[in-house]
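One structure below.
Laboratory data are not the source of any read-out in this text; all were calculated from the coordinates shown. Predicted model, so just to flag it, every value in this text is computed and none were measured. Here Cβ is always computed from backbone atoms with ideal geometry, including for glycine, and neighbour counts include all displayed protein chains.
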Amino acid sequence: MKQLLLSLSILIVISCKEETKLASSFQQQVQDTTKVTDFREFKVLDSKYIKSDSLWAPFNTELDAFSEDRYQQLLPLILDQDIPNLQKAVYSGDFSYEEMVLFYLKRIQKYDRNNELSLNSVISLNPNVLKEARIKDQGLKNRMRKHPIFGIPVLLKDNINTVDMPTTAGAAALINNTTDDAFIVKRLKDNGALILGKANLSEWAYFFCGDCPSGYSAVGGQTLNPYGRRILDTGGSSSGSAVSIAANFAAVAVGSETAGSILSPASQNSLVGLKPTIGVLSRGGIVPISSYLDTPGPITKNVIDNAILFSAMSGRDPQDPASVENKNNTSSYFEDLAEVSLKGKRFGALRSLMEDSLYVAAISDLRSAGAEIIEFESEDLDLPNFTRFLNLEIKRDLPVYFKKYGNKDLSFKSVKDVVSYNNSDSLLRAPYGQKLFDGIVADSATPNEFAAIQDTLTTNGKRFFEVPMKAHNLDGILSINNYHAGFAAVAKYPAITVPMGYAENNAPKGLTFIARPYQEAALYSWALAYEKASGKRVSPSNYKN
């Protein structure tokens, strides 16, 4: 069965019956994510905005003193290790937080830009991160550490504000968008995390060009997949967040999702990605597409790190209405994951996906771990006017970001202003065009029309899951990658993807668990049990040294 991926931030791929209908309604490029693609002819590969000398100037002295011998000694202690093991090593004196940062900086310098293995996954680096790491080392000596994220280097998708670096969303228009910290970044810092840098992304969270490859931005260039560089799609829009973690450029990263932008790149880079219930994490200070659907979320190599990062970002933001309404008071998702069991858990498996051998194998692993699997036929539903809904949302929400969270010296007030700016130098600022932004400017609706679109999307999304869940008394639904991310988005259901193996051409795939709202703790429990039962993740072979 041909599986399809809508190549946008709004990545919606659903069962065989719905694929053609939905692809037509979006009128967007459709790709088979596991096929070999000829990516040799990009319009843009390397960034025309990142200046290597200025990027590395704050670290040259320390990196020169960080020997290759020391790097090789640290390689088995840091590469692919989870946060608990990294913390144990620091506590044991094997290395310091400063050395951990130097290790990741050296890997970024070695692999990320301007060589035959370059991935273009990092846009900017925090010039103060080594100084901050030394402070964490001093705090450790004084036993000040409280949260397991303390001293751990984190990369942020570059649509998330931080005072340490500009927030560009990958767009030339925002290259001078210096800001205060987003709420989740404040929470990370309060818990002791080190903000290492900013990760590349599909520009404007892949709701911009329409005809460009995922992982491309004007500022960051073209992100590439370490499992098949210039062969396999990175997924989008949190492309750099996923690629950087797959290649061990940081311990963990933060992405964002509207409908698939965490689940897609996480699964396509053999990682764990969580799309939480809207409002469990604040959206304050994040460049938006849709205030109704947007959420940040963690992207990591394993489930325990995911839960740690998620916990470190959580907290109620009084400036975000969805955060204020958050019904989940849990903040330490990682603490209850030591003992997990799938015994008696009932999961629904879509018959339309049963031709995928990795999905079938994952179901077998779940059964062996004690889960009950019920196969079902999905309802024949679609998501009409989804793109139009997002047009109307970003047309309203982006001006709010500019006014409330953006740099006050920016001249932009609307999407139309950004379009005009790009048109004045389109070869540099928008080489693939800006078809989706043009569509946003042209679109409009009455309040009643907008409400009707939203109601239909929400109703169809919930029905897609609730009908089988109620009929079969299911705890959750099993999907692949981001195949049902659109339905989960409009239903506001959380989802987590976990590596489930590799296609014949080495394309990673993820088993995706979807649950009812505020069931993040259950998702983590299921995901960890599956991760332990299957153990499918393998690091990309060219990035182990």
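Using a 10 Å cut-off on Cβ atoms, rank the peptides 522-528, 445-451, 283-289 from the highest mean neighbour count down. Could you put the intermediate results ahead of the total?
Details: 522-528: 23.9, 445-451: 11.4, 283-289: 27.0.
Order by mean packing, descending: 283-289, 522-528, 445-451.
Put simply, the amide H of residue 503, placed in the peptide plane, has neighbours under 5 Å in 509, leaving out anything fewer than 5 places away on its chain. Restricting segment 217-302 to chymotrypsin sites (Phe, Trp or Tyr not before Pro) that sit in a DSSP loop and have at most 11 other Cβ atoms within 10 Å of their own Cβ leaves nothing.
If you filter segment 94-133 for GluC sites (Glu not before Pro), then keep DSSP loop positions with at most 11 other Cβ within 10 Å, what is left?
Values: sites: 98, 99, 116, 132; in loops: 116.
Answer by residue number: 116.
What the Cα convex hull of segment 94-158 gives, in volume per residue, is 100 Å³. For segment 279-293, putting each phi into the Karplus relation 6.51 cos²θ - 1.76 cosθ + 1.60 with θ = phi - 60° gives couplings of x, 5, 10, 5, 9, x, x, 10, 4, x, 10, 9, 5, 7, 10 Hz, in residue order, rounded to whole numbers and with x for Gly and Pro.
Do me a favour and compute the ellipsoid semi-axes for segment 432-481 from its Cα gyration tensor, root of five times each eigenvalue, largest one first, whole Å.
Working: eigenvalues 223, 66, 4 Å².
Values for segment 432-481, descending: 33, 18, 5 Å.
Just so you know, the Cα atoms of the chain work out to an Rg and Dmax of 21.5, 66 Å.
Among 203, 335, 372, 520, a tally of other beta-carbon atoms within 10 Å of each Cβ gives an order, fewest to most, of 335, 372, 520, 203.
Could you give the length gained on full extension between residue 532 and residue 424, defined as 0.36 nm per residue of separation minus the Cα-Cα distance, in nm?
Working: separation 108, 0.36 × 108 = 38.88 nm, distance 5.32 nm.
That works out to 33.6 nm of additional length.
Label separation (residue 53 vs residue 94): 4.0 nm, computed from points 7 Å beyond Cα along the C-beta direction.
Of 370, 482, 59, which is farthest on the positive side of the dipole of the chain, counting Cα position, with +1 on Lys and Arg Cβ, -1 on Asp and Glu Cβ, and the Cα centre as origin? Among 370, 482, 59, the one farthest towards the positive end of the dipole of the chain is 59.
For segment 343-458, the alpha carbon positions stretch 58, 37, 27 Å along the principal axes, listed from largest to smallest. In segment 220-280, the alpha-carbon atoms span a convex hull of 83 Å³ per residue. Taking amide H positions as modeled 1.01 Å from N, with prolines and chain starts lacking one, the residues under 5 Å from residue 199 and 5 or more places away or on another chain are 123, 156, 157, 158.
The alpha carbons of segment 409-538 stretch over 55, 42, 31 Å along the principal axes, in descending order. Summarising the amide proton neighbourhood of residue 216: residues at separation of 5 or more, or on other chains, whose placed amide H is nearer than 5 Å comprise 203, 223. Approximating the spin labels as points 7 Å out from Cα along Cα→Cβ, the residue 135-to-residue 449 distance works out to 5.1 nm.
Using DSSP, restrict attention to beta bridges with both residues in the chain and report what percent are antiparallel, rounded to the nearest 5. Could you put the intermediate results ahead of the total?
Values: 30 of 47 bridges.
Close to 65 percent.
What FRET efficiency comes out for residue 327 versus residue 63 if R0 is 35 angstrom and r is the Cβ-Cβ distance? Round to the nearest 0.05.
Working: r = 46 Å, r/R0 = 1.33.
Between residue 327 and residue 63 the formula returns 0.15.
Under the combined filter of DSSP loop state and at most 10 neighbouring Cβ atoms within 10 Å, segment 93-175 retains these trypsin sites (Lys or Arg not before Pro): 143. Packing, as the average of other Cβ atoms within 10 Å across residues, places the peptides 384-394, 409-419, 54-64, 475-485 in the order 475-485, 384-394, 409-419, 54-64, highest first.
For segment 382-387, backbone phi angles converted through the Karplus equation (6.51, -1.76, 1.60; θ = phi - 60°) give residue-by-residue couplings of 10, 10, x, 6, 4, 4 Hz, Gly and Pro being listed as x.
Here the Karplus curve 6.51 cos²θ - 1.76 cosθ + 1.60, taken at θ = phi - 60°, turns the phi angles of segment 80-97 into couplings of 6, 7, 7, 4, x, 6, 4, 5, 4, 5, 5, 5, 7, x, 5, 7, 9, 4 Hz, with x standing for Gly and Pro.
Stokes-Einstein D for segment 292-414 at 10 °C, 1.306 mPa s, Kirkwood Rh over Cα pairs, in µm²/s? Don't skip to the end; give the middle numbers.
Working: Rh = 19.2 Å.
Value of D from the Cα-based Kirkwood radius: 83 µm²/s.
Computed over the alpha-carbon pairs of segment 221-369, the distance histogram in 5 Å steps reads 2, 10, 15, 17, 19, 18, 13, 6, 2, 0 percent, short to long.
Over all directions, what mean area does the Cα convex hull of segment 160-273 project, stated in square nanometres?
Numbers: hull surface 27.3 nm².
Its average projected convex-hull area is 6.8 nm².
Taken as Cα centroids, segment 326-401 and segment 277-320 sit 17 Å apart, rounded to the nearest whole angstrom.
Taking the three principal axes of the alpha carbon atoms in segment 389-447, the coordinate ranges are 36, 27, 12 Å, sorted in descending order.
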